[in-house]
Amino acid sequence: MQSPPKFSFEELTLRNFSPHTFASVTHHLYQTTLSLIDEFMTMLDHWTFERRSHSYRVAHLALAIGKEMELSHRELFVLGVGSLLHDIGKMRIPREILVKPGKLTEEEWSVMRKHPDLGADILKRFPSLAFARDIVHQHQERWDGNGYPQKLKGEEIVLGARIFAVADSFDAMTNQRSYNQVVNGPEAVREIVRQSGILYDPQVIRHFRKMGDPMVWEHRFRGGEENFLPTIFPLEGFVGLFSEPVPEEGPPAF
């Protein structure tokens, strides 16, 4: 008995997919990935002391900076999703470390510093989210090379992670967390500017300052979080990953 011919994935797709079928499959993949992100956010809600609102605020502020820098639609999509999922690796960190009210010991910090690697490993398992892996992996790197886990320096760090660092620091300073004293928006901006060229990319800082007085714009990133996820992960951005060319040194795609 003759065995049936074997086809590659590409050949099977070309033989069996009409434009309508491709659109339907893409839409199902989008809805599945959107639900997966929402489930990740729910799991983080239960595992850490921070609520998903932190990730939403940071993602929206990062996108605002990215728009000020005139990033492409694809770059903005990758930036938003990478910023949203930055802490996903914390799901693999022991909860007693994540919710500890006081300062962490050096041993506990060594465990905590693994979360960017763990986050990148998680996204590697999900091809429809792998494009955000570099930002997740590098979100704790610093301009002067004193970040972690790879101690990348300057433009060795992907631009999305450099933008994220500014947005995350602003949010950390202006919102109550277990280990910080809250400051107002202008104070946070002054501190971030003071660290330009040390912790943060000076180019990103220049565009961040162009946004003006945070007392005017920071309210835009608070409240209404039930509508945040579709704006950070829009259908057109997801479909654009299939249709737009991938930069040679850009984030990994499918």
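Being at pLDDT below 95 and open to solvent by less than 10 Å² (accessible area, probe 1.4 Å) is the requirement here; does M1 meet it? So M1 does not fit the description; no.
All of (1) more than 19 Å from the chain's Cα centre (by Cα); (2) of a type outside the set (S, T, Y); (3) modelled with pLDDT of 95 or more; (4) open to solvent by less than 40 Å² (accessible area, probe 1.4 Å) hold for V204 with one exception: (1).
V111 satisfies every condition listed in (1) open to solvent by 20 Å² or more (accessible area, probe 1.4 Å); (2) under 14 Å from L129 (Cβ atoms); (3) at pLDDT 95 or above; (4) of a type outside the set (G, A, S) except (2). Taking region 171-201 as the range and being modelled with pLDDT of 95 or more and aromatic (F, W, Y) as the test, only Y200 passes.
Consider region 178-189 and keep the residues that are in a loop (DSSP other than H, G, I, E, B) and touching a helix residue (DSSP H, G or I) at 6+ places or on another chain (Cβ under 8 Å). The one that is nearest to M112 (Cα to Cα) is N180. Taking the numbered list (1) open to solvent by less than 10 Å² (accessible area, probe 1.4 Å); (2) without any contact (Cβ under 8 Å) to a residue 12 or more places away in the chain; (3) among the hydrophobic types (A, V, I, L, M, F, W, C) in turn, I93 passes all entries but (2). So for region 129-149 (the condition being within 13 Å of the chain's Cα centre (by Cα), of a type in the set (F, W, Y), under 28 Å from S196 (Cβ atoms) and surrounded by 14 or more Cβ atoms within 10 Å (Cβ to Cβ)), does at least one residue qualify? No, region 129-149 has no match at all. Taking the listed residues D121, D45, the one that is open to solvent by 10 Å² or more (accessible area, probe 1.4 Å) and closer than 17 Å to F228 by Cα is D45, with no other qualifying.
Looking at the structure I just gave you, is A188 touching a residue at least 40 places away in the same chain (Cβ under 8 Å) and crowded, with 16+ Cβ neighbours inside 10 Å? Answer is no for this residue. Pairs only if they're at least six apart or on different chains, beta carbon under 8 angstrom, first in region 54-76 and buried (at least 18 other Cβ atoms within 10 Å of the Cβ), second hydroxyl-bearing (S, T, Y); list them, first residue then second. From residues that are buried (at least 18 other Cβ atoms within 10 Å of the Cβ), the pairs are S55/S83; V58/S83; A59/S83; H60/T231; A62/S83; L63/S83.
The values are calculated or read from the model by the stated rules, or taken from the named source; none is laboratory data. Since the model is a prediction, treat every value here as computed from it, not as a measurement. For neighbour counting, all protein chains shown are included, and Cβ atoms are generated from backbone atoms with ideal geometry for every residue, glycine included. Side chains are part of the model used for accessible areas, which takes the heavy atoms of the whole protein and leaves out ligands, DNA and RNA. Shrake-Rupley method; radii C 1.70, N 1.55, O 1.52, S 1.80 Å.
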